[in-house]
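As structure tokens, the structure follows; a few thoughts come after it.
The values are calculated or read from the model by the stated rules, or taken from the named source; none is laboratory data. Keep in mind that this is a model prediction, so the values were computed, not measured. Here Cβ is always computed from backbone atoms with ideal geometry, including for glycine, and neighbour counts include all displayed protein chains. Accessible surface areas use protein heavy atoms only, side chains included; no ligands, DNA or RNA. Shrake-Rupley method; radii C 1.70, N 1.55, O 1.52, S 1.80 Å.
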Amino acid sequence: PYSFLSRLAGIIDGDGYISVVSSDKIRGNISISLKIGLIYTDLPMLNELKIILRIGRIAGPYKNIKGKDVVYLIFNKTELQQVLFPLFIYHNIFFLTYTRRDQFDLAMHILKNDLKLFENISKSSNIPSLFKLPENPSDYIQLNFFKNWLVGFTNAEGSFLMKQNNDGCFQIKQQIHVELFE
């Protein structure tokens with residue numbers, strides 16, 4: 001469903017990563033994957049995503065640098081190329097954070113141009129973006145998928161905390177993106 005895909009885009013924007021690496025040091029083949037990493041207690045959410053999409057695999061738990069158990073939902077290149085990315089494009093759903101957009105645009109550039117070797121990526125410059133970001137804060141709210149994206153992003157990046165003065169707070173953390181956060 002559209003609402004599910006919108007929420008998924010928000011989760012990926014918050015806790016996902018589109019990896020483009022050399023899979024083989026000798027041949028230098030390109031490997032593309034998408035990973036969503038969450039703490040172990042969020043494993044039911046990753047399982048829900050996997051069940052609905054019918055793609056991906058769960059990996060972990062692994063200890064992160066803070067010593068917490070982390071689990072991943074991982075999508076391989078074929079799943080991205082044949083299922084997930086086409087669904088986002090068809091429904092005009094896109095990533096709103098700068099980092100995820102850059103990762104998505106690079107992955108799409110590689111897939112569209114059928115690049116096989118990692119060394120060929122550096123020869124590519126000015127990678128075009130498939131989707132134009134809104135230019136001002138109110139335009140973000142007008143995006144059809146924004147409300148559901150925000151739910152997913154909040155699931156990924158939101159947290160409750162108690163200040164030293166016992167004030168309860170809720171916060172969403174992300175790198176600077178003024179228009180999006182306004």
Flagged in segment 138-171 as under 29 Å from Asn92 (Cα atoms), open to solvent by less than 60 Å² (accessible area, probe 1.4 Å) and either under 16 Å from the mean Cα position of the chain (by Cα) or of a type in the set (A, V, I, L, M, F, W, C) (or both), in numbering order, are Leu143, Phe145, Phe146, Asn148, Trp149, Gly152, Phe153, Thr154, Ala156, Glu157, Gly158
What number of residues within segment 1-35 are among the hydrophobic types (A, V, I, L, M, F, W, C) and within 11 Å of the chain's Cα centre (by Cα)? 6
So for segment 10-29 (the condition being among the aromatic types (Phe, Trp, Tyr) and not in a strand (DSSP E or B)), does at least one residue qualify? no
Among all residue pairs at least 6 apart or on different chains, which show Cβ distances below 7 Å where the first residue, located in segment 147-162, is closer than 18 Å to Val70 by Cα and part of a strand (DSSP E or B) and the second is of a type outside the set (S, T, N, Q) and open to solvent by less than 70 Å² (accessible area, probe 1.4 Å)? Gly158/Ile172
Name the residue that is nearest to Phe104 (Cα to Cα), counting only residues in segment 1-20 that are of a type in the set (Val, Ile, Thr) and crowded, with 20+ Cβ neighbours inside 10 Å. Ile18
What is the one condition in (1) in a helix (DSSP H, G or I); (2) open to solvent by 60 Å² or more (accessible area, probe 1.4 Å); (3) not charged (D, E, K, R) that Leu130 does not satisfy? (1)
When the residues of segment 59-87 are filtered to those that are surrounded by 15 or more Cβ atoms within 10 Å (Cβ to Cβ), touching a helix residue (DSSP H, G or I) at 6+ places or on another chain (Cβ under 9 Å) and part of a strand (DSSP E or B), which remaining residue is modelled with the lowest pLDDT? Gly60
Just the residues that are of a type in the set (A, V, I, L, M) and not in a helix (DSSP H, G or I), please, taken from segment 135-146. Leu143
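Of all the residues that make up segment 36-58, how many are of a type outside the set (D, E, K, R), open to solvent by 40 Å² or more (accessible area, probe 1.4 Å) and in contact (Cβ under 8 Å) with a residue 12 or more places away in the chain?
Number satisfying all stated conditions: 4.
Looking at Ser23, Ser33, can you tell me which residue is of a type in the set (Gly, Ala, Ser) and open to solvent by 40 Å² or more (accessible area, probe 1.4 Å)?
Ser23
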Complete set of residues in segment 88-106 that are out of contact with any helix residue (DSSP H, G or I) (no Cβ under 7 Å at 6 or more places or on another chain) and either open to solvent by less than 40 Å² (accessible area, probe 1.4 Å) or of a type outside the set (S, T, N, Q) (or both): Ile89, Tyr90, Tyr98, Arg101, Asp102, Gln103, Phe104, Asp105, Leu106
